[in-house]
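Here the structure comes first, spelled out in structure tokens, and everything after it is commentary.
The values are calculated or read from the model by the stated rules, or taken from the named source; none is laboratory data. Everything numeric in this text was worked out from a predicted model, so none of it was measured. All Cβ positions, glycine included, derive from the backbone under ideal geometry; neighbour counts span all protein chains shown.
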């Protein structure tokens, strides 16, 4: 451990309640900051949400299991502000495939998504947020990119390599696509057609035949003039007689351009001051790129050498000289070079130098440029403030008129996480800013043990968990545990996000963080973590807005319970006061409740608890028992899907390295079908055709010009039962050959032309689909082939969706059947399923079926007792392998815990 003596007389330290004792220059400004931050925290308390998953990647037919932790404030305590959590499953076309609401109990919830067999493979996102978090934009949401592979109905696997060049000043991209079966055997001499989409528009079409290695080359020019364009290659291969497969391949970049940015510590390079500069080299795909280089002055003299130490990032120092300019000469790994200008050094700024390499203390040195040091401009001194989550934990100032000071601050003064240091002038102007990561020894201590050292397949395993705090006292806390088979599921712990990396680090930073687990998995990563914070922006708030009382408006309230609300009005539009409103349903038994509208005609039914797919009837009468009025229900617009902030995590070759997992997934599916296990929906073509014929009677009211039931796919209301109330999400889980982009359906046969949507014979805009509930829909007929679309002429160019509502009339979230009566199908709570784990000591358990689980066990609700103990048991699968147990959790004081434990099955 290193120690340094505190510089004399220039520092006053103020922590939490001691702020009020601060005296001297900056006292009034500090008190204003304290007041404004208190106001901001009171009006805008900051929630975070973290999801632990059972494993890092999935296959079609799997279940995604997760536990949610919602925290609040600088100490990461479990939040009691919001009591409802929204979780979305989003596909690579930014369409919400599934959306659920979960009740939060003391900031905790658990849920799951079933990956239906009809879904497509690809890169998906899981997004989680509370309604309150929507006030601070989508950037604050939990958002994770996952890959979903497919071996069940997939006979073709691709691997693509991109190379880049320039042609006539334009970026040329060459994609070498390899086609093979699940065993890696190439598809030779097979016809392939493809088209290229960039930024949602088709830029090129082509076709060819695979070579003796199963390869085909798809080259195109980036005609968008957007060097950051992304898109996909949509290919169709005829891999066997009368058998074709469609594949979508992500295009993450259209060039091999590398951007290098330089970040002087504190914001400015200062002439004559030994300055620290961080740099970050990023490829066009958003991932870090290793580089090395030299800094030269305008006389081409080498001033400094540098090289990246982790993911394209690094730090170097040099002393800029007045009147000189500097360039960085970069050498890339392929030997090519680039030249970049360094920021211009100045004389009228302050240097905020922070050394965080010491074990126990943070050393700070503030120096001015020569213009400030030698100038005659009077000053009342400088004020340095350090805050975490809107709470000031440190304040230091220079002497009256002072322009420099040095400080040594114990790290124990701060909670674990990101500390924002800001230097202010005497007028309250932020001059410099620097982020520092503090990791105190405050993690919960998790001791995980098994009852045996080695186990046999299908043998019972008992796990004991003991939890203590840093004072070695037992802790009662909430944990979740996932057990996986490492021979089937690979884990990259450097890339794995954890409860520590999310809550303490990434949730407070702007932009994409590559491989966040590295900074917590590697004990020697402190230097690299400091480089990350020198190059990454803070997201919680801006000082100027706080001091100017410029807070974001509160649009979304914390959700405490489910409710149904609206207002009454006459046919002429005047509010109806004192109207009697009745809410009732017969789903699951009779429920009825009354209320009265206020003087503005508003009414609300609060504190409701109901499941998805429930349908209410709302009936209203005036005070004189007249029913000639209208009911308008409030519907909160769903959260829009923004650009994927973790786009660099998108995998081009999602099946690469997954052969064992894919084969196991296929074998498991066969076992499930053989023994009738699971909720598998995939059907063979023969069965599908038979099913269409059997459904004709159910769609007899259809407006399909081909005749009811004459379609490529037919779904009836029975197909949407128990799938939730949101129609578009349920449809996307069932339909195939149709992509949804921003809620607009496109047939993969005509991916550039939106499908025509007909509801009860009337053409509607795609937005109309968002107003439909599954309870409104009687049938859906999908027309994609020319035999079925030709009758619609130009309207059938992109395909047709023929939707028939149960009433045969207007379909919407709520329907008006008569004056003063509407039906309503709001989104209710999703009831999380229970993870199935076989009990081989139960004679009723089927022991003939192969046990091919990749997730061996999932338990989201482990609570340690007053002695810090908990136990859980499960049975191993058939695989002889290393099994991995991951346990994460939190106590009531916001202390976090994480432990990985492995054992052998032989």
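Do the conditions hold for residue 226, that is, is it modelled with pLDDT under 95 and surrounded by fewer than 15 Cβ atoms within 10 Å (Cβ to Cβ)? Spelling it out, residue 226 is indeed modelled with pLDDT under 95 and surrounded by fewer than 15 Cβ atoms within 10 Å (Cβ to Cβ). Determine whether region 709-731 contains at least one residue that is under 26 Å from the mean Cα position of the chain (by Cα) and at pLDDT 85 or above. Scanning region 709-731 turns up at least one residue that is under 26 Å from the mean Cα position of the chain (by Cα) and at pLDDT 85 or above. The sole residue among 360, 442, 451 that is in contact with a helix residue (DSSP H, G or I) (Cβ under 8 Å, 6 or more places away or on another chain), surrounded by fewer than 19 Cβ atoms within 10 Å (Cβ to Cβ) and under 30 Å from residue 887 (Cα atoms) is 360. Only strands (runs of 3 or more DSSP E) whose full extent lies in region 527-597 are considered here, and the ones with at least 2 residues that are at pLDDT below 95, touching a strand residue (DSSP E or B) at 6+ places or on another chain (Cβ under 8 Å) and closer than 30 Å to residue 136 by Cα are 562-569. Residue count for region 739-766 under the criterion of being at pLDDT 90 or above, in a strand (DSSP E or B) and out of contact with any helix residue (DSSP H, G or I) (no Cβ under 8 Å at 6 or more places or on another chain): the result is 2. Note on region 114-139: among residues that are assigned to a strand (DSSP E or B) and within 15 Å of the chain's Cα centre (by Cα), the one that is surrounded by the fewest Cβ atoms within 10 Å (Cβ to Cβ) is 126.
When we screen 225, 256 for residues that are in contact (Cβ under 8 Å) with a residue 60 or more places away in the chain, part of a loop (DSSP other than H, G, I, E, B) and out of contact with any helix residue (DSSP H, G or I) (no Cβ under 9 Å at 6 or more places or on another chain), the only hit is 256. For the structure I just gave you, tell me whether residue 307 is surrounded by fewer than 20 Cβ atoms within 10 Å (Cβ to Cβ) and farther than 25 Å from residue 648 by Cα. Against the criterion (surrounded by fewer than 20 Cβ atoms within 10 Å (Cβ to Cβ) and farther than 25 Å from residue 648 by Cα), residue 307 does not qualify.
Here region 654-671 is the region considered, the condition is being more than 17 Å from residue 148 (Cβ to Cβ) and touching a residue at least 40 places away in the same chain (Cβ under 8 Å), and the residue that is surrounded by the fewest Cβ atoms within 10 Å (Cβ to Cβ) is 667.
Within region 25-59, work out how many residues are farther than 14 Å from residue 424 by Cβ and in a loop (DSSP other than H, G, I, E, B). Of the residues in that region, 7 qualify. Within region 145-154, one or more residues are under 22 Å from residue 638 (Cα atoms), touching a strand residue (DSSP E or B) at 6+ places or on another chain (Cβ under 7 Å) and surrounded by 18 or more Cβ atoms within 10 Å (Cβ to Cβ).
Hey, any hits in region 608-629 for a residue that's closer than 23 Å to residue 86 by Cα, free of Cβ contacts under 8 Å to residues at least 60 places away in the same chain and outside any loop (DSSP other than H, G, I, E, B)? Scanning region 608-629, I find at least one residue that is closer than 23 Å to residue 86 by Cα, free of Cβ contacts under 8 Å to residues at least 60 places away in the same chain and outside any loop (DSSP other than H, G, I, E, B), so the answer is yes.
Each row is one residue, and each column tells you yes or no for (1) under 39 Å from the mean Cα position of the chain (by Cα); (2) in a strand (DSSP E or B); (3) assigned by TED's automatic domain parsing to the domain that holds residue 431.
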site: 279; (1), (2), (3): yes, yes, yes
site: 282; (1), (2), (3): yes, yes, yes
site: 320; (1), (2), (3): no, no, yes
site: 324; (1), (2), (3): no, no, yes
site: 329; (1), (2), (3): yes, yes, yes
site: 340; (1), (2), (3): yes, yes, yes
site: 344; (1), (2), (3): yes, no, yes
site: 348; (1), (2), (3): no, no, yes
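Report yes if residue 435 is within 28 Å of the chain's Cα centre (by Cα) and over 25 Å from residue 528 (Cα atoms), otherwise no. When the stated conditions are applied, residue 435 does not pass them.
Residues in region 783-811 that are modelled with pLDDT under 80 and not in a loop (DSSP other than H, G, I, E, B): 805 alone. Reported count of residues in region 492-516, each being within 18 Å of residue 286 (Cβ to Cβ) and part of a loop (DSSP other than H, G, I, E, B), is 11. Against the condition under 20 Å from residue 555 (Cα atoms), crowded, with 16+ Cβ neighbours inside 10 Å and at pLDDT 85 or above, how does residue 651 come out, does it pass? Against the criterion (under 20 Å from residue 555 (Cα atoms), crowded, with 16+ Cβ neighbours inside 10 Å and at pLDDT 85 or above), residue 651 does not qualify.
Within region 879-891, at least one residue is over 26 Å from residue 64 (Cβ atoms) and surrounded by 14 or more Cβ atoms within 10 Å (Cβ to Cβ). For region 471-517, what are the residues that are touching a strand residue (DSSP E or B) at 6+ places or on another chain (Cβ under 8 Å), in contact (Cβ under 8 Å) with a residue 60 or more places away in the chain and surrounded by fewer than 18 Cβ atoms within 10 Å (Cβ to Cβ)? Answer for region 471-517, where residues must be touching a strand residue (DSSP E or B) at 6+ places or on another chain (Cβ under 8 Å), in contact (Cβ under 8 Å) with a residue 60 or more places away in the chain and surrounded by fewer than 18 Cβ atoms within 10 Å (Cβ to Cβ): 474, 476, 486, 487, 491, 493, 510. In the set 273, 291, 296, 302, only one residue is at pLDDT 95 or above, surrounded by 19 or more Cβ atoms within 10 Å (Cβ to Cβ) and farther than 30 Å from residue 195 by Cβ; that residue is 291.
Within the option set 79, 95, being crowded, with 22+ Cβ neighbours inside 10 Å and either touching a strand residue (DSSP E or B) at 6+ places or on another chain (Cβ under 8 Å) or not assigned by TED's automatic domain parsing to the domain that holds residue 862 (or both) holds for one residue only, 79.
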